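The block underneath contains the structure these notes are about, expressed in structure tokens.
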Amino acid sequence: MQPDDAAATLAAPQRAESANLPVLTVRLASPRGFCAGVDRAIRIVEEALRRYGTPVYVRHEIVHNQTVVADLRAKGAVFVDELDSVPADAPVVFSAHGVPKSVPAEADRRKLLYLDATCPLVSKVHREAERHFANGCHILLIGHEGHPEVEGTIGQLPAGSISLVQTAQDAERIIPPPGRLAFITQTTLSVDDTADMVAILRRRFPGLEGPKREDICYATTNRQAAVKAIAPGADLVLVIGSANSSNSQRLREVAERCGAARALLIPTEAALDWSVLDGVRTLGLSAGASAPESLVEALLARLATRYRLEIDERRVTEEDVTFKLPAPLAEAAQAG
């Protein structure tokens, strides 16, 4: 189903017996769910399975969503932490978050067949880091320590070339080495928090160089804007996404800051505790960029067993971004 289908399905008249159910207004954020980078990464694994057969190995979770990972595992994908778990004769896919340069170098050394599912917008940040480094800049990376995307970006350059800035306090306190400075950002951050940190860094370091265009990706920006449209006055906002999904966590935080009485992150409809809906009359609903639309549909269907739903979809923009598959897989897909 396309993103609008959940709203269209629930907008249809519900069963006659629902007439006696309490009314729940559901503000449905749009855009929500899968972005182009996530869709491309999942398609890379699926096409690799179709072309090469099972198993296809995947270094780290292809995207941060347990439902997606479980579905691909059932189709024959094997998820591993490092390349030393990949047999010499098996294909391997690198996750959408990007990898340090040492990973493809090791794959080349072992002559592994590998496919890079790094989101093109993350790759863009990698190229920016390289450009700033080549121009003699020390780089300030705004991001979250330990996140695979941050580890991949830091791993593009020699050790010590990048300093991590995680908070506004970090931005106020960091003492970089003397000389030219530039900043880059993780693609899945809070737009508002990042703007605050950039403002602090620019105040402290007037010559600070930055990206020609915003590093925070279009999907993150659009989904946060949609949550801002549904949060004010909502009794509760539910964000569907896995706990390790940065962009999903940021949506929950945005909802809390922008007027929702409460905001919760849940991985699937089965995780919904009915008690959180006590006293809720207006519910906001969104999904992180790695969460499939089927999870939104399933949650709405579960809600419809106890409430008569009135769907209010709030669309802030249209998205038409697509990314191509790597050449070998694109040719295979076209061949059918």
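Residue by residue, here is whether (1) buried (at least 22 other Cβ atoms within 10 Å of the Cβ); (2) more than 27 Å from Glu61 (Cα to Cα); (3) among the small types (Gly, Ala, Ser) holds:
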| residue | (1), (2), (3) |
| --- | --- |
| Glu209 | no, yes, no |
| Glu214 | no, no, no |
| Pro232 | no, yes, no |
| Val239 | yes, no, no |
| Asn244 | no, no, no |
| Leu251 | yes, no, no |
| Glu256 | no, yes, no |
| Gly259 | no, yes, yes |
* Structure fact -> Leu181: passes all of (1) in contact (Cβ under 8 Å) with a residue 40 or more places away in the chain; (2) closer than 30 Å to Pro91 by Cα but (2)
* **Filter pass, Arg127 being closer than 30 Å to Arg204 by Cβ, modelled with pLDDT of 95 or more and not acidic (Asp, Glu)** => yes
* For the range 212-233, indicate whether the set of residues that are more than 23 Å from Val296 (Cβ to Cβ), modelled with pLDDT of 95 or more and part of a helix (DSSP H, G or I) is non-empty. => no
* Looking at (1) under 17 Å from Lys101 (Cα atoms); (2) within 20 Å of the chain's Cα centre (by Cα); (3) surrounded by fewer than 21 Cβ atoms within 10 Å (Cβ to Cβ), which is the only condition Pro158 fails? -> (2)
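Conditions tested, residue by residue: (1) of a type in the set (Gly, Ala, Ser); (2) under 23 Å from the mean Cα position of the chain (by Cα); (3) under 17 Å from Leu236 (Cβ atoms).
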residue	(1), (2), (3)
Ala289	yes, yes, no
Ala301	yes, no, no
Thr305	no, no, no
Glu319	no, yes, no
* Filter result for Lys75 (surrounded by fewer than 20 Cβ atoms within 10 Å (Cβ to Cβ) and closer than 14 Å to Thr118 by Cβ) -> no
* **Filtered residue count, the range 251-299, keeping only those that are assigned to a loop (DSSP other than H, G, I, E, B), more than 21 Å from Ala229 (Cα to Cα) and in contact with an Asp or Glu (Cβ under 8 Å, 6 or more places away or on another chain)** => 1
* Could you say whether any residue in the range 83-103 is within 30 Å of Thr268 (Cα to Cα), of a type in the set (Asp, Glu) and outside any helix (DSSP H, G or I)? -> no
* Within the bounds of the range 168-180, is there any residue that is outside any strand (DSSP E or B) and surrounded by 19 or more Cβ atoms within 10 Å (Cβ to Cβ)? -> yes
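Does the range 23-57 hold any residues that are in a strand (DSSP E or B) and touching a residue at least 40 places away in the same chain (Cβ under 8 Å), and which are they? Break it down into steps so the answer makes sense when it comes.
So the first thing to find is which residues in the range 23-57 are in a strand (DSSP E or B), and the list is 23-30, 56-57.
Listed by number, the residues that qualify are Val23, Leu24, Thr25, Val26, Arg27, Leu28, Ala29, Ser30.
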* **Residue ID - farthest from Asn20 (Cα to Cα), chosen from residues in the range 313-336 that are at pLDDT 85 or above and surrounded by fewer than 14 Cβ atoms within 10 Å (Cβ to Cβ)** => Lys324
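The values are calculated or read from the model by the stated rules, or taken from the named source; none is laboratory data. The shown structure was predicted, so the numbers you read here are calculated from the model rather than taken from an experiment. Positions of Cβ are backbone-derived with ideal geometry, glycine not excepted, and every protein chain shown enters the neighbour counts.
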